[in-house]
Every structure is written in C-alpha cells, then in structure tokens.
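Heads up, the thing below is written out as structure tokens.
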Amino acid sequence: MHSLAKLDHAHIWHPFTQMRDWLMREPVVIVKGEGAVLHDVRGRKYLDANSSIWTNLHGHDHPQINAAIRRQLEKIAHSSALGLANEPASLLAEKLVEAANPPSVVRHPRLEKVFFSDDGSTALEVALKLAYEFTRRTRGKPARQKSLHAGRPKFLSLQGAYHGDTAGAVSLGHIDLFHKAYGGLLFKTDQVMSPYCYRCPFNRAKPERADAREYRKCNWECIGQVEQKFSLRKKKGDSYAAFVFEPAMQGAAGMIPQPATWLKKVSEIARSHGALLIGDEVMTGFGRTGGARLPTSRITKGLSPPTSGILFGCHQENVQPDFLCLAKGLTGGYLPMAATLTTQNIFNAFLGEYHEFKTFFHGHSYTGNQLGAAASLASLQILQSDKSLRARQKIETVLRDQLDSLWPLPNVGDIRQVGLIAGIELVRDWRNREAFDLRERAGIRVCEAMARRGVLTRPVGNVIVLMPPYCTTPIQVECTVKALWTAIVETFR
C-alpha cells in the first residue's frame, strides 16, 4: 500500500463512507488534475465523471482561474467581512445579482442582496434563518397560541429532500438514511411528494425504454398534493413561511427530474398562500441544468436556437425565488464558498436602530473570502464566454446521444437527463421496475467496476450519476458511457 494511502487509513474519517469497508482496500489517492482527468499517486488516469461530487465546472487546473487566484494572492488572501468590505467580494456580489435577474425572467421579486458563507449547507441555513425571522416579524403573533410552538414559522420541502448537513438544513431534509439518527436535534418540517415520475404511485403507464417523464399517464396528482398541503395548513389558521425546493432536478433524492411546468405550477400555489420560495441551486446552478445558447448574432451552424443564456434551473420555468442558494460550482470547484441571494424587502426587515437589535445575528469567519471571490469572478467570466456556451451545448447533446446506448440493458430502468446532469437508475428488471435492496450495493459495485476502467463517479443509492465538467470532450463522454455500459454488464451478467 502506498505511504499516502497508509496515512489516510491511519488518520482520515471520510464523509458518507462506511469506514470499515474503506479500511479493507487501498484507496485511490489523487495527486493531480488536468481538465476532466484526475491522476492518482500511482500514475493512473481517471475521467472525473461527476465533477468531483458536482463541484467542478470548467475542469481542473484551469489557467484563467489559476491566474485570478494568483493575482489575488499578491494582494491579500483573506480579511474579515465583520466590519470590513473588500474588492473581489463587492464585484462578485454585483455579478451574481446580474446573473440572478436575467431580462428574460420574471422580474419580481428582484434579488438584490448577497450574503456570503462557506458551502451549500450554510447557504440554506442562511435562507432558513432569514425566512423564519422575516416571517415572524412581518406576520406577527397569532391571537391565540395553544402552545409554546404555536405560531412559529413552518417550512415545506419535498419528499427525499436533502439540503445539507447543518442542523437547520437537515431539518429541511427527508432522507431517513441520512437524517433519522439526528431526529432529537431537529425541528419538524413538513414534506410533500416529489414528482418522481418513474416511481410515482399515480403514474398508470407501464415501463417503456424512455425517460419516464415522456410516457407518464397521470393527472398531475403531485401538484394536487402540494395544493392540499397548503390548504391543510391554512385550515389550521396558519401558512408556511417558505417552500424549499431544488429546481429542475433533486440531487441526493436520486437524481429525480421534474416534468415541464411542475415547478412553475407549485411555485404559483406557494405564492398564492403567502409562502416565500427558497431555491436550492447548490447543485443545479451555473449552467448544470442546460439552457446554454449563443446570442442571436453569434449562432453557429448546427447549434440550437438562442435563449438568454440562463444559468439557474428555476429561471428555465420563469420562477424567481425569494432566496437563491448557491455553492459548489460558485468558484468553479476551486474553493469553499457559498452565497444566499435575497430581496430588498427581506433585507429591510432587518434594518433598525442599534438598540433595537434587529441585526441578522449570523456569520462565518471566511464570509466574502477574497480568494474564493476572485475564483468565482473568473468562473463567471468563463461561463459567459462563447467557448463555454458552445462546449455546454455540445456536451449536453453528446451525453444524450450516448446514454441512448444503455436502454437495451435489462438492468437499466430509467435514464433521466437534465442539461449536463444524468441519473441512470439500476433495477433487477426494467419490465417491472423492481429495485435492488440498498444492502446489495448495486450502485457501488457498478461504480467500482467503472473505476477499474478509468472512470470515477459515485452513486446515489441505485442511481449512477454522470455530471461531467464543461471541458469534457465528446470522446471523453463516449468513454464514460462505454465504461458504464461495460460495468453494468459485468456486475449483473
């Protein structure tokens, strides 16, 4: 075993990992990255097929981001945001506000204020606390409170939701495997069914060899369930403070895509009941959900028609949340940094005289970190370039074409793609959708077989995730899907 692997075994506790299994084999120790390729300590190369757990946008060792960080290092690496401002964070906030309010999207509410933090969990924690306190201040106390908990702002999120690992973010989540053990630490939130077309109890369609969204037979019962939740809350003389969602696709729930118009319809329901909208774009933001198009004046032969170059999943349904939570790809996958964008109206609720103590009492040591902000500014510049727009269009199309080759495999139940995110659900037999028991480690075994073929990714249960960096070439996409095809055949024979 390599000396670095020995040190890892001796001292490191890995996230979401059964360490007993981990200690039974030598881990892959990464020492270098170039574009979409990772190099390990033994000189082996791997395609980074899930962008290092959904974070890397433009590839590793990107010269433009590297240069931005070096330039900032020559000035200052970090100074506190508590009582001080700084150059790159101010410039980044301006650019994020521009990106969060594209001209083609409904302009109300306008997102104007940015609170920086460290990662996706903290971005959601900020939104949660702001929504809670804003609702408490603006709605006031009910005339009659039956208990200490009566009248407290309440939240609604989706079945299978995952919004992070801090206590508040975990309270918004509904994955028992991750969250049940911490039940005693959490506050209660409500859940409503997600639009999981492939396994929806209301979908009357028999399995076909296509994305379940394309052949579903239902009456939008999933939307009716949302309406029912809000109506029940109203009958209790209350309403939700906020409805929390991942737009376009739920990640840790199993890469569950939303059928067209679902998000728009449920957002309208939430708004009609006075609830705020919290859009968790930690995974889906910065172009992951597709929609990359060149402006009309720069259309190249063979490329798709132009749109406005939307960067966020919620905007593809013309939905503007009251809180937009960003992380992961914010810095291009280089440094931990997050942002929670919100409205002037919510910001105003925290203004007052010092002695009123209406301040938002929340913060992080590295809020607005200069290195992270510099990397983020460079990443946004790359995202908005013609080269990146073309690359994302091309990868999205090539990935869709390549994934079609998996349909003949009997253990492939559903293939769901949203932009540059794909989830391939493994089953015993596609004809009856029978799921593998998680104890069988079906997804893990397939990913291990892929790693032996030079492709790295990580499953979500029985769903294999493919989320390539935007610099991935068509040939690399083809190699990734071929490795998956072979791994499935080898694993299930």
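Some notes on this structure:
- Considering the conditions (1) modelled with pLDDT of 95 or more; (2) within 30 Å of Pro259 (Cβ to Cβ); (3) crowded, with 21+ Cβ neighbours inside 10 Å, Ala374 is excluded by exactly one of them, (2).
- Applying the criterion of being farther than 20 Å from Gly329 by Cα and β-branched (Val, Ile, Thr) to the residues of segment 387-433, the residue that is surrounded by the fewest Cβ atoms within 10 Å (Cβ to Cβ) is Thr397.
Okay, residues lined up against (1) assigned by TED's automatic domain parsing to the domain that holds Ile415; (2) under 22 Å from the mean Cα position of the chain (by Cα); (3) not in a helix (DSSP H, G or I):
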site: Leu156; (1), (2), (3): no, yes, yes
site: Asp165; (1), (2), (3): no, yes, yes
site: His174; (1), (2), (3): no, yes, yes
site: Ala181; (1), (2), (3): no, no, no
site: Phe187; (1), (2), (3): no, no, yes
site: Glu214; (1), (2), (3): no, no, no
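- As for segment 69-76, it holds at least one residue that is over 14 Å from Ala378 (Cβ atoms), outside the structural domain of Glu440 (by TED's automatic domain parsing), modelled with pLDDT of 95 or more and not acidic (Asp, Glu).
- Considering (1) closer than 25 Å to Leu130 by Cβ; (2) in a loop (DSSP other than H, G, I, E, B); (3) touching a helix residue (DSSP H, G or I) at 6+ places or on another chain (Cβ under 9 Å), the lone condition that Cys218 does not fulfil carries the number (1).
- Residues of segment 384-404 that are modelled with pLDDT under 95 and of a type in the set (D, E, K, R): Asp386, Lys387, Arg390.
- From the options Val170, Val226, residue that is of a type in the set (Val, Ile, Thr), closer than 26 Å to Asp118 by Cα and not in a loop (DSSP other than H, G, I, E, B): Val170
- Search result, residues across segment 192-251 that are among the charged types (D, E, K, R), within 18 Å of Glu425 (Cβ to Cβ) and surrounded by fewer than 22 Cβ atoms within 10 Å (Cβ to Cβ): Arg199, Lys206, Glu208, Arg209, Asp211, Arg213, Glu214, Arg216
- When segment 50-91 is filtered for residues that are in contact with a Gly (Cβ under 7 Å, 6 or more places away or on another chain), in a loop (DSSP other than H, G, I, E, B) and surrounded by 14 or more Cβ atoms within 10 Å (Cβ to Cβ), the ones remaining, listed by number, are Thr55, Asn56, Leu57, His58, Gly59, His62, Ala81, Asn86.
- Flag if Glu34 is assigned to a loop (DSSP other than H, G, I, E, B) and of a type in the set (Asp, Glu): no
- Total residues in segment 332-346, condition closer than 23 Å to Ala68 by Cα and either without any contact (Cβ under 8 Å) to a residue 40 or more places away in the chain or surrounded by fewer than 24 Cβ atoms within 10 Å (Cβ to Cβ) (or both): 2
The values are calculated or read from the model by the stated rules, or taken from the named source; none is laboratory data. This one's a predicted model, so the numbers in the text were calculated from it and none came from an experiment. Because the Cβ atoms are built from the backbone with ideal geometry, glycine has one as well, and the counts that use them run over all protein chains shown.
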